[in-house]
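Taking it in order: structure first as C-alpha cells, then the write-up.
The values are calculated or read from the model by the stated rules, or taken from the named source; none is laboratory data. Note that the coordinates shown come from a computational prediction; the quantities given were computed from them, not determined experimentally. Using ideal geometry, Cβ is built from the backbone for each residue, glycine included, and neighbour counts are taken over all protein chains shown. The accessibility values were calculated without ligands, DNA or RNA, using every heavy atom of the protein model including side chains. Shrake-Rupley method; radii C 1.70, N 1.55, O 1.52, S 1.80 Å.
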Amino acid sequence: MTLPASFAPTEALLRAASPTLWLNPARQAQPEAVMPTSEGGHISLADTREAAARFARFAPLLAELSPELRARQGVIESELLSAPALQQALGLPPEHGALWIKGDHSLPVVGSIKARGGFHEVLQWAEALALEHGLITLDSDYRVLGQGPARALFARHQVAVGSTGNLGLSIGVLSAALGFQAVVHMSSDAKAWKKDRLRQRGVEVVEHGGDYEKAVAAGRQQAAANPLCHFVDDERSLSLLLGYSAAALHLGQQLQAQGVVVDAEHPLFVYLPCGVGGAPGGITFGLRQLLGPHVHCFFAEPVQSPCFMLQMMSPEGAHPSVYDIGLTNHTEADGLAVPRASLLAAELMRPLLSGVFTVRDDTLFEHLVQVLDHADQRIEPSAAAGFSGPQQLCGSAQGQAWLAEQGLLPHLPRATHLVWTTGGLLVPELEFSRFVQRGRQGLNATSA
Ligand SMILES: *Cc1c(COP(=O)(O)O)cnc(C)c1O
C-alpha cells in the first residue's frame, strides 16, 4: 500500500490514529453537471429531483403506515437549527462564521440519516414492482399500495441488507411496514438494542461474526440465491445515494427561509459523518449540484476507521482497508465503523469534496455532551463526528493556509458552518446516559 508522497504527513498522522485534516487537491469549482458513476451510468441533479418526487408520491401512504408520519403528512425531513450557545461552548469565534445544525438525528421512525437513503431504495423497489404488476401508474394515489393486492405482492418478495445497525433499522422497519419479508444481516459489534427493535417489528436478524464488511458480503451472497430478493447494497447502491441527495433540495429551501445566503462572499461549510460514504456522498452531490462552488463539504471519520480519507488519497484502482495501515476499525461510533469506502461514493466525490478529517472517540463523547447541554439535542456518538470540523478547518495552520489559498479567508466572518447530526433519537435512555457520563468525564478532565 503506497500513497502519493505529497500525502506523507497526513498518512503518518493517519497511521498513528491522530486527528488529521486532508484537503482534496482534485476538487473542482465547476465540475460537470452530469457525473459518471463506477456502475457505468451517469447521474445529475435531475436524478436528485426524481428521488424527491418519489418521496412525495409515497408521502400519503407513509402517513397511513405510521402515526409518527401522519403528523408530518408523510414527509421525512429534519430541522435546520441555529446553534449560537453551542458555538460559544465549542470555542468557535464569531469572526469565523455562524454554527448551524442539520438535525437528521431526529428524523422520524428510525432516528437517523438512514431514513433518507434506506427508505428511498425500498420505496423505489416497491414502486417498480407495483408498476410492473399494473397496480399503479406514476400518478396514482399510492395509498392503494397499503391494500390487499399490493400487500400480497410484497409479501412474496424479500428485502435484505447488511448493516452495522442504522441502515438495517431503516430498511427493516419500512420493508416490514409495507409487507415485505425483511432480513437484516448484522455484524457481531452491532448494538443489541438495534437488533431487538428490529426483531420486535417482525424483521429477521442474522448475526455474523466479524465486521460490517463481512455482514454485507454474507447478505449479498445469500440474496443472490433468491430471485425474489432485493439486496440493498450499501457499498454500491445508486438508489441509496440519490435518496440521500434529495436532502439538498429541502436544505436549500430551509436556508432560504432562514435568510442564510450562500455565494462567493458567504461560503457554506458542511461537516458530514462518514461510514462507507454513501450518505455524506449523496448529500454532497446534491448540494454541489444545487448550490455550486461556494458550498464546501467535509467528511468526518473516527481515527480508527478513516476509510474514506484513505480511499481519497489512494492511487486509481486501489481499494485499501484501514487494516492495511495498521488501524483496528474499533470505534464507539458504530454508524461509522467501516473498514473500506464505497468506490461509487469515492469516485463521485473526487471533483466535489473539499476534504476529510478524523476525530478521536473521546472527542465524540465530549461533543455529544456539549450538544445536549448547549443545543438541547440528543445525538449518538457517530452523529457527533462533524463538530470538530470548524475548529480543524479554521483553527489549524493547515486549514488557514487552505482557506487563504481558496480566497475564503476574507469571507470567514460571513460563513455558515453546518454540522450534520446523523442519528440519536432512538438511543435507549440507559445507553444515552452512559454516553453522557463518558463525555462529562472527558470534559472535566480537560477543564481540570
Ligand atoms: C450510516 C451512518 C452514517 C454514514 O453513512 P455512510 O453512508 O455509511 O457513509 C453517519 N452517521 C450515522 C449515525 C449513520 O448511521
Contour minus Cα-Cα distance for His266 and Glu431 (0.36 nm per residue): 55.5 nm
Of the trypsin sites (Lys or Arg not before Pro) in segment 33-93, those whose Cβ has at most 16 other Cβ within 10 Å and which sit in DSSP loop: Arg72
With all protein chains modelled, accessible area of Thr421 [1.4 Å, Å²]: 0 Å²
Table column - 3J(HN,Hα) (Hz), segment 427-440, Karplus curve with 6.51, -1.76, 1.60, x for Gly and Pro: 4, x, 3, 4, 4, 5, 5, 5, 4, 5, 4, 5, x, 5
Degrees between helix 212-224 axis and first principal axis of the chain (Cα, 0 to 90, nearest 10): 20 degrees
Two-site label geometry, Ser188 and Arg414: point separation in nm, points 7 Å out along Cα→Cβ: 5.6 nm
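Taking R0 as 22 Å, what's the FRET efficiency between Arg72 and Gln258 from their Cβ-Cβ distance, rounded to 0.05? Mind showing how you got there, number by number?
Numbers: r = 19 Å, r/R0 = 0.89.
Calculated transfer efficiency: 0.65.
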Net charge contributed by nearby residues that have their C-beta within less than 15 Å of Ala46 (K/R +1, D/E -1): 0
Long-range HN-HN contacts of Cys229 with modeled amide H, under 5 Å: Gln158
Between segment 273-343 and segment 202-216, the alpha-carbon center distance in angstrom: 21 Å
Full-stretch length increase - Asp373, Ala155 - with 0.36 nm per residue and alpha-carbon distance subtracted: 73.9 nm
Glu79-Val206 pseudo-label distance in nm [points 7 Å out on the Cα-to-Cβ vector]: 4.1 nm
Under the Karplus curve 6.51 cos²θ - 1.76 cosθ + 1.60, θ = phi - 60°, whole-Hz ³J(HN,Hα) for segment 352-369, x wherever Gly or Pro sits: 9, 7, 8, x, 9, 10, 10, 9, 6, 4, 3, 5, 4, 5, 5, 5, 4, 5
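So if R0 is 25 Å, what FRET efficiency would Lys214 and Asp324 give, r being the distance between their Cβ atoms, rounded to the nearest 0.05? Present the calculation step by step, with values, prior to reporting the outcome.
Numbers: r = 16 Å, r/R0 = 0.65.
Efficiency computed from Cβ-Cβ geometry: 0.95.
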Average silhouette area of segment 105-251, convex hull of alpha-carbon atoms, in square nanometres: 8.9 nm²
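Give the dimensionless ratio obtained when the Cα radius of gyration of the chain is divided by 2.2 N^0.38 Å.
Numbers: Rg = 20.8 Å, N = 448, 2.2 N^0.38 = 22.4 Å.
So the chain has a normalised radius of gyration of 0.93.
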Accessible area of the chain belonging to carbon and sulfur atoms, whole % at 1.4 Å probe: 52 percent
Rounded to whole Hz, the Karplus (6.51, -1.76, 1.60) HN-Hα couplings of segment 225-230, x for glycine and proline: 7, 10, x, 9, 10, 9
Segment 137-239: relative contact order as a whole-number percent, Cα under 8 Å and 6+ apart: 29 percent
